[in-house]
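Where a number appears in this text, it was derived from the coordinates with a stated rule and is not lab data. Remember, it's a predicted structure, so these values are computed and weren't measured experimentally. Virtual Cβ from ideal backbone geometry, glycine too; neighbours counted across all protein chains shown.
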Amino acid sequence: MTLTFYIFVFCIFLCICLLKKLGIKTINGHALWPTDSFQIFSFNDGQCLFDYYVVAHISANIMYYILGLILNISNINLFVITLAIIFEIIENSTFIIQIFKSQQQYNDYQGESVVNMYGDVLVSVLTCEVLNYFNFSINNMVLIIFLLEYIAYLIIKDGIFKYIYDLIKKT
């Protein structure tokens, strides 16, 4: 990725910080950065820049990357980042938030803060950079996904594979 892209990503982060400094608390119903401090990581529910679901986002981004390789997408980084942004928009829609809230473990879920959505997309950028640098084979990427999902399950008892399992179990 180009230096211009990184400057753009950094400028978005600065804009979020500026909006917080100006006292703007929400954007389209989502908290901007709800903690009083500029807390970067938290084990809470998606309100800081990074939360414990970052592992699941890395797994998803690797899956998007593999899909891009299979489909022979010419700009795979843009493909992965675009899918990550679309996922964030869908994940934080009222419809999906209500689905989460209908489950016992998420009944207090209010959606992610804007800064957490930004952090999740930033993770997609970083995931692409790591995958581009190391040039893993698809087999190795699949192995990494399984390892990350295992770590996610150990840490948060959640992850992409658990979501799939829960969906299959309900039907």
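Below are the figures for this structure:
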quantity: Residues Q98 and K162, FRET efficiency given R0 of 30 Å [Cβ-Cβ distance, rounded to 0.05]; calculated: 0.90
quantity: Relative contact order of segment 47-170, pairs being alpha-carbon contacts under 8 Å that are 6 or more residues apart, as %; calculated: 42 percent
quantity: Difference of contour (0.36 nm per residue) and Cα-Cα distance, C15 to I89; calculated: 24.7 nm
quantity: Two-decimal Rg to Rh for segment 47-170 - Kirkwood Rh, Cα set; calculated: 0.97
